[in-house]
Every structure is written in structure tokens, then in C-alpha cells.
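The values are calculated or read from the model by the stated rules, or taken from the named source; none is laboratory data. Just so it is clear, the structure is predicted and the values come from calculations on it, not from any experiment. Here the Cβ positions follow ideal geometry from the backbone for every residue, glycine too, while neighbour counts run over all protein chains shown.
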Amino acid sequence: MKDIHDIQRKMQADSGFKTPDNYFESIEGEIEARIQECDAQKNGSLSIVRALKPVLALAACFLLGIVLFKYPASLIDKYAQNNAEQELNYMIEEAYFEDEIKLLSLFALQNEQFVEEVAFNANSLKEDELLSTVIVDINDVEILAHLLDN
Amino acid sequence: MENNNKELIQRLKDESQKHQAFRDLLSLYKKRLYWHIRRMVICHEDADDVLQNTFIKVWNAIDTFREESNLYTWLYRIATNESLSFLEQKKRKWFSGDDGELTDSLVQNLQSDSFFDGDEVQLKLQKAIAKLPAKQRLVFNMKYFEDMKYQEMAQILETSEGALKASYHHATKKITEYMQNNNIVD
């Protein structure tokens, strides 16, 4: 490997760049200062968390105390009772809706049977009969009278 | 040199000697890294910022340095990455990602830089270098000014020697053309 100082001399001599006076003497101090700053920030943030831990624990206890004072056990019991009632009502309503759904399902099943019957009758008709039914010239009054009779 | 570096690394990893070892590291490498960075970012103030960031990264990462490469290779790699990311950030922040505008700005800064006292030929050479793509510029600087071996460059830039040779060849060709067009060389 070449002598490091030879390389540095070559680098400065050829490029035409220069630095402010005493730059290389002062840069070490600047870098060290920035490193200390970074370390202090790191330690600072860690120590803040450490310092805040007991304060946060105390605050949590205090909040718990307030909650217990404001909402004593009897109120909590009452709330639980109300909840139980609401739950019961809900269960009754749910049972009612379940019955409704069952009824609707039965109706749907019956309808399915009806649709199947119609489809079966339509298939059993002969093509000629169907055509003759369609071609016959029936006026609207006759159709209405027929429907009213049925 | 290598033994000295090993000893330096051990001291850097030892909490009780870390600060003194870091001072030694600074005095050993500050100039080399500064000139390496300066040639990439051109302006002294920018080079100063990038150099400081490089050493802060070194300080923060020294405990994780696995010694798979030489210390100076590792330092050069950090300095190179810092310089390239600085230029990339500058390009995105001030020139909306345009390479041409960044190059023009580097050239203009060079002309008005109070810390550049090169003659006309040196100014033209720096202008020609500034016009190269960042990676070609890096390769050209490392070879031409620092006389670095391709093997060392390959370790720092984590690329093949063949690719570096090709890159240097293209860079030299472009610079020669620029100098000829500007009547600097015949």
C-alpha cells in the first residue's frame, strides 16, 4: 500500500481544491462535539423514559382511584344487572326472529312446490294445443270476464 | 498497516478505549475521506457535512463492524454511500430529480467556489468530471486522483473489476472528448 501522505499530497495537488485554514485541525473537535451531542440525546431519551416510569405508574394508580371513587361497586352491580336484562331481551327478540325466519322458509318451500307444479303442467302440454291457445283471437273484455269468474 | 488497523478496531470496540481510538481513527483517515468526498460533492461546505455524517455513522456502527473487510475499505464504503445519497437528496430536493440540472449546479458552484484555486486546465477537468454520471465520476476519481487498485475499488464499490475497468475507460473517453472540444488538449 502506498504511503498515505503521498496519496494525500497527490490528491490536493492535482484537483485544484483547497480547504479553509486549519480546517483539518478543527474538524476533529467538531466531529467529537457532534458525537457527544448524539450520545447525550440517546442517553437523554433513555433517562426521560426511566424518569417517567414511576410518574406514569403513579398517574395510572391515581386514575384507577378516581374511577373507583366515581363509579362505586353498587353502580357497577347495577350496570351489570341492566346489562343482564338487556341481554335477556335480546335473546327473546332473537328467538322471535328465528321463528319468523322458519315461517318464511316454509312459505318459500311451498312456493317452490307451486313453481315446480306449474313447470310440470307447462311441459305436459302439447305444442299444437299451446299454439292454438296463443293464436285464438281473444279480446281483453273476455280475458277480464274469465279472470273474474275464476 | 493491517495489524495496526486490527488493533485500532479492537480499541474502538472496547468501551474504555473507544474515545481515544476514535480520535486516532479521525486523524488517520480524515484527510483521505475528505478529499474522496470533496471530489464527489465539489463544494467544501457540502463535503464538510458529508464527512461529519460519515464519521458519526462510523461511531454508531463500529460495534457491528464484522471485520469481513479492511477498516479503510469499510470507511470508504460509508463515505461513498453518504456522498451518493447526499447528491441524490440534493437532486430530488432542489432539481426535481434532473441529473442535468444537478451537473450544471455543480459546475457553477465550482466556478464561484472560493475554495477552488485551480488553473484553467484544472477547472476544465473538474467541469468534465462533473458532467459524468455519479458512479463513473466516482470510479474516475478513485483511479485518477487516488491511484487506487481495481481490486480495492471492487471491494469498496462491491462490483467486479471488469465493470470498473469499463467504467473508467468510458469516463476517460468522455473527459478527453470534452477537453478536445474545449481546446484544452489536441
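Data overview
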| read-out | value |
| --- | --- |
| Filter result (out of contact with any helix residue (DSSP H, G or I) (no Cβ under 6 Å at 6 or more places or on another chain), surrounded by 15 or more Cβ atoms within 10 Å (Cβ to Cβ) and within 12 Å of chain A (Cβ to nearest Cβ)) within the stretch B:59-78 | B:Asn70, B:Tyr72 |
| A:Ser45 modelled with pLDDT under 90, under 24 Å from B:Trp59 (Cβ atoms) and either surrounded by 10 or more Cβ atoms within 10 Å (Cβ to Cβ) or more than 9 Å from chain B (Cβ to nearest Cβ) (or both) | yes |
| Residue satisfying all of: in the stretch B:1-44; among the charged types (D, E, K, R) and facing chain A (nearest Cβ under 10 Å); surrounded by the fewest Cβ atoms within 10 Å (Cβ to Cβ) among these | B:Glu2 |
| Qualifying residue in the stretch B:162-174 (condition: of a type outside the set (D, E, K, R), within 14 Å of chain A (Cβ to nearest Cβ) and in contact (Cβ under 8 Å) with a residue 24 or more places away in the chain) | no |
| B:Arg92 vs. criteria over 23 Å from A:Gln36 (Cα atoms) and either away from chain A (no Cβ under 14 Å) or of a type outside the set (Lys, Arg) (or both) | yes |
| Residue match in the stretch B:104-120 (condition: more than 24 Å from A:Pro20 (Cα to Cα), surrounded by fewer than 20 Cβ atoms within 10 Å (Cβ to Cβ) and touching a Gly at 6+ places or on another chain (Cβ under 8 Å)) | no |
| Evaluation of B:Glu67 against (1) in a helix (DSSP H, G or I); (2) farther than 17 Å from B:Leu132 by Cα; (3) of a type outside the set (Ser, Thr, Tyr) (one fails), failing number | (1) |
| Cβ pairs under 7 Å, 6+ apart, first in the stretch B:135-148 and in contact (Cβ under 8 Å) with a residue 60 or more places away in the chain and closer than 13 Å to B:Met40 by Cα, second in a helix (DSSP H, G or I) and acidic (Asp, Glu) | B:Phe145/A:Asp14 |
| Residue match in the stretch B:133-146 (condition: farther than 18 Å from B:His170 by Cβ and at pLDDT below 90) | yes |
| Leading residue by the ranking (nearest to the other protein chains (Cβ to nearest Cβ)) among those in the stretch B:124-144 that are surrounded by fewer than 18 Cβ atoms within 10 Å (Cβ to Cβ) and not in a loop (DSSP other than H, G, I, E, B) | B:Ala134 |
